[in-house]
1. Could you tell me the center-to-center distance, by alpha carbons, between region 63-78 and region 1-54 in angstrom?
2. Work out how much length SER6 to THR64 would gain on full extension: take 0.36 nm times their residue separation and subtract the Cα-Cα distance, in nm to one decimal.
3. At a threshold of 8 angstrom on Cα-Cα distance, excluding pairs fewer than six apart, so keeping six or more, what relative contact order does the chain reach in percent?
4. Under a crude label model (7 Å from the Cα following the beta-carbon direction), how far is GLN37 from LEU52 in nanometres?
5. Name the most mobile residue of CYS21, CYS58, CYS92, meaning the one with the largest mean-square fluctuation, in a Gaussian network model of the chain with Cα contacts below 10 Å.
6. Say R0 is 35 Å: what FRET efficiency, to the nearest 0.05, do ALA20 and SER74 get from their beta-carbon distance?
7. Which of the trypsin sites (Lys or Arg not before Pro) across region 1-93 are loop residues per DSSP, with 11 or fewer other Cβ within 10 Å?
8. Please identify every one of the GluC sites (Glu not before Pro) in region 19-106 that sits in a loop by DSSP and has no more than 12 other beta carbons within 10 Å of its own beta carbon.
Amino acid sequence: MPYAPSRVCKCGALVPAGRACPRCSRAAEAARPNRHQRGYDSDWYRLRRAHLAMQPGCVVCGSTEGVDVDHKASIRERPEGRLDPANLQTLCRLHHNRKTHGKRQG
């Protein structure tokens, strides 16, 4: 089976197809705000714990394994909804990743 050709990253590095550029990935991670700067403080963790007690399963598949509390409207889109219980839903990691990465791709 043939391999996909490497690609040239915007920084000029040659990167294997389907992989992230290590140089750009490190730079993006270094520039990313920490969890407190992104709005995940003690108030958030208290609300998260209360939400999971009331809704422990994924709203899509019902799984209680590896669940995340998701903001229906992101903090970036709706900062005032950060601690709004009506803006929260429980999603398993699979469905959370599909929602999150699906939005970023298209």
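1. 16 Å
2. Between SER6 and THR64, full extension yields 16.9 nm more.
3. On the way: 91 pairs, mean separation 20.8, N = 106.
Relative contact order here is 20 percent.
4. Label-label distance for GLN37 and LEU52, simple model: 2.6 nm.
5. Fluctuation is largest for CYS21.
6. Details: r = 22 Å, r/R0 = 0.63.
FRET efficiency, ALA20 to SER74: 0.95.
7. Working: sites: ARG7, LYS10, ARG19, ARG23, ARG26, ARG35, ARG38, ARG46, ARG48, ARG49, LYS72, ARG76, ARG82, ARG93; in loops: LYS10, ARG19, ARG35, ARG38, LYS72, ARG76, ARG82.
Here the trypsin sites (Lys or Arg not before Pro) that fit, given the DSSP loop and packing criteria, are LYS10, ARG19, ARG35, ARG76.
8. Working: sites: GLU29, GLU65, GLU77, GLU80; in loops: GLU65, GLU77.
Of the GluC sites (Glu not before Pro), the ones in loops of region 19-106 whose Cβ has at most 12 other Cβ atoms within 10 Å are GLU65, GLU77.
Just so you know, all these numbers are worked out from the coordinates, no wet-lab data involved. As the structure is a computational prediction, the values presented were derived from the model and not from experiment. As a convention, Cβ positions derive from the backbone with ideal geometry for all residues, glycine included, and neighbour counts pool all protein chains shown.
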